Amino acid sequence: VADLWWIYSKPVPAYGRELCTLFVQCSCITAVIGGLFYNWMFASLEYSWHLSVSMAVSFSLLLLLTLLLVHPARCVFSMIMPTLGTKQGRKLLLSTCIMIAVVNITPNIMGNMKTILQVIRCICKSSSESLLNSTVLLQKASWEFGDAIQENINPIYKPMNGHFRFSLLQDSSSIYQKMHLAGEKISREFLSAEVLVKDSIRVANRLAAAFFTLYLCFESTCYLKNYLTNLRFDNFYITKQLERLAVDRGAAHLLVGSPKRLIRPTGLKLSWGEAVLCLVQAMLLTMALLLLLLLVAMEHFAFSVADVVVRRAAQFSAVPVTFSIKYSVQVGITRFIFKVLNLPSVEFLLGDFSRTYQHHLTFSSAQCSISPPRPPSPSVLLVLGLLFCILYGTVFLETFARRLCRKIAASFFPGQEEKRLLHLLRRLSRRH
């Protein structure tokens, strides 16, 4: 492994065997990166299949030529891998989490809200149909009542027309059509809102992913540029090479007791600044996690409400409605005359009508098309949980990732590393 890395980090291969080894190494790297790049574009960023393939192939070929011909580019590319464990890599993973959450959770919330609206529409439609049917019953009762009035015993008291003028809406299809159009309009608005949200988040995530990827390369390039131009940049590590150099120059006592600002890159010790930075990044990541958990809670709440609404709507029973009509006609001789004559009043029963009509108001119907509630996907929650575990891991591994970047730069440019160590040793000597 050390020999392979030595060939990979050399500016120019010494002979043909090293060139072939370097070509195989670069080819394997570009094949793996190309496959990951295709999967990232197609599965995460949701680009089309042919565009993802063409972009992955073009990127792989360009990367292969760059790694073979440009030595600093190999160094920058090698530093990109540990840089994924830093702040920029977390931003890239966080944008992936947001995309997964929005693509999978938001449609679920919208679908459950649509189910609730379908239940409300079904209840309105069924209750209005039942109410219209009740008007038919009222018409029947009114006509029977009118017929009973017409059938009085004494024709003297028979009215000209005993039927009531009851206005009944015969064309109920217009109501059904209006309700159907209103339901379709609501469904279209929800669908357009869902598509708009998904498209907006998809475009924003693509832009963020492109920006973070370019910034990742830019940060690695800036690190290499500062490493090559600034001898004080990230130069506070007690490496084995520094210890050997101090022994050769008779300055080993300068490293005894390990000054507070100097740390060993192979140890687990964190400086005060590194520890504070880790805590700040963990707090910011926790805020993002809380926002994502709020979205997950909204999904569970929407599902629970939709499930309760659907189950309660299915349990709605018909409400019995009773129309009772009691009618009697009596004609009595004037009470004043009978009172003067001290005789009891006489009343003649001319007609009697007493009937009861039954009707049932229904609030749900089996003909209503209601989509079942969508439960939250446990696989999505599992993926988001794993990604956030990785994100929290990168918070505490960021320091070690930067140390690895420095080690990679030192292996690619050993001459510059020696200059940096001499500079650090001179600074220690002046302080001593």
Net charge of neighbours whose Cβ lies under 12 Å from the Cβ of Ala410, counting Lys and Arg as +1 and Asp and Glu as -1: +3
Accessible-area composition of region 6-106, carbon plus sulfur, in percent [1.4 Å probe]: 78 percent
At R0 = 51 Å, FRET efficiency that the Cβ-Cβ distance of Leu381 and Ser58 yields, to 0.05: 0.90
Rel. contact order, % - alpha carbon contacts under 8 angstrom, at least six apart, region 1-85: 30 percent
Virtual paramagnetic centre 7 Å along Cα→Cβ of Thr286, amide N under 11 Å, in region 382-404: none
Accessible area per residue in Å² at 1.4 Å probe, computed on region 1-69: 63 Å²
Length added when fully stretched, Arg311-Arg232, from 0.36 nm per residue minus Cα-Cα: 21.5 nm
Charge context of Val309, other residues only, Cβ under 14 angstrom, K/R +1, D/E -1: +4
Surrounding net charge for Leu216, when Lys and Arg each add one and Asp and Glu each subtract one, Cβ distance under 12 Å: +2
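The values are calculated or read from the model by the stated rules, or taken from the named source; none is laboratory data. Predicted model only: the values in this text are computed from it and were never measured. Glycine gets a Cβ as well: all are built from the backbone with ideal geometry, and neighbour counts include every protein chain shown. What goes into the accessible areas is simple: the full protein's heavy atoms, side chains included, and nothing from ligands, DNA or RNA. Shrake-Rupley method; radii C 1.70, N 1.55, O 1.52, S 1.80 Å.
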